[in-house]
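Novice: Supplied in structure tokens, the structure appears directly below.
Coordinate-derived values only; no laboratory data. This is a predicted model, so every value here is computed, not measured. Cβ atoms come from the backbone with ideal geometry, glycine included; neighbour counts cover every protein chain shown.
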Amino acid sequence: MRFLPALTRAAALGTATILAAVTLTACGDDSSSDATANPYGLAQPGVLRAGTLTDAPPNVYLKDGKFTGFDNDLLTAVAGKLGLRVEFVGTDFSALLSQVNNRKFDVGSSSITITEARKKTVDFGNGYDFGYFGLDVPAGSPITSFDQLTGKRVVVVQGTVQDDYATGKQLNPVRVPDYNGAINQLKAGTADAWIAPAEIGEKSATDSNGKITVAAKQLSPAPTAYAVAKGSDKLREALNRALDEVIADGTWTRLQQQYYPGRPIPADFTPGSGTVKVSAASTTPTGPTTPSASASAAS
């Protein structure tokens, strides 16, 4: 057996060490490059994939093949501040939060009310809107307030904050997957009342040809916010910064005027971080894209 001289063996070992260091450095460069190209850990760099609904105007809905509404238009403006393009995908609200946390979507956009229970599934950005509950009943119903619902057949959309409210009040609600299901139960007389996002309830009553009326409204207990997967701190913080920017430049105010003309903002509600001044709209709104609503949704 032949042995390499000690000097040759040392040289060989030195060369191997250098090659290993170069390889590790190269791997480190790739990782650094990936982080630079995709700093928010999105499923597709440069694209913010958003789960939303198709049937909840004026907040989130599909019109002429395009996802729009206050929440979605605001998210588009927020993403633009970050140099991102938004890709909207329709889903059911009952599945939305789990889909966000499983990273099927980078963000959830659906007037999602912040609750302690939901914080166990997803993380929330800063609040960007407020909302009201509406109480819809069949025409001619004697129900006129939320405190008359005990013992009644109350319908809610599964997984919404209205579902939480009804469950917390021990109303044993009937849960349906979407808004159309709730409306149909009222029209058919198989439900005594529907606890709804207020303006959706108002529009449904208007479109029902006198079959449904709005009995009452009340302010939702918490703000709405965009949802991200647990631990998506860089994305959440970036969305918060960009939200403050669209509040400061007047975009938030313009969209409020466009989608909720005449709706008063509660005195104790401040959108975003609360560290920026709410500016006047930078452009004159062209008018609402949906029928006028005096209150926003809160899912």
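Novice: Size of the range 134-272 along its principal axes in angstrom, Cα-based, largest extent first?
Specialist: Between the extreme Cα coordinates on each principal axis of the range 134-272 lie 47, 35, 26 Å.
Novice: For LYS169, give me every one of the lysines with a C-alpha distance below 26 angstrom, ignoring sequence neighbours fewer than eight places off in its own chain.
Specialist: Qualifying lysines at Cα under 26 Å: LYS119, LYS120, LYS152, LYS187, LYS203, LYS217.
Novice: Aspartates and glutamates within cross-link reach of LYS81: Cα-Cα under 14 Å, excluding same-chain residues under 8 positions apart?
Specialist: List returned: ASP73, GLU237, ASP244, GLU245, ASP249.
Novice: So what is the relative contact order of the range 103-173, in percent, for Cα pairs below 8 Å that sit 6 or more residues apart?
Specialist: After rounding, I find 21 percent.
Novice: Relative to a virtual label point 7 Å from the Cα of ALA43 in the Cα→beta-carbon direction, which members of the range 82-98 show backbone nitrogen distances below 17 Å?
Specialist: Once the point is set 7 Å along Cα→Cβ of ALA43, 85-98 turn out to lie under 17 Å by backbone N, inside the range 82-98.
Novice: For LYS211, which aspartates and glutamates qualify as cross-link partners when the Cα separation must be under 15 Å and same-chain residues fewer than eight apart are set aside?
Specialist: By straight Cα distance, LYS211 reaches ASP136, ASP192, GLU202.
Novice: Also: Considering only DSSP beta bridges where both residues belong to the range 132-219, give the percentage that are antiparallel (nearest 5).
Specialist: Within the range 132-219, antiparallel bridges account for around 70 percent of the total.
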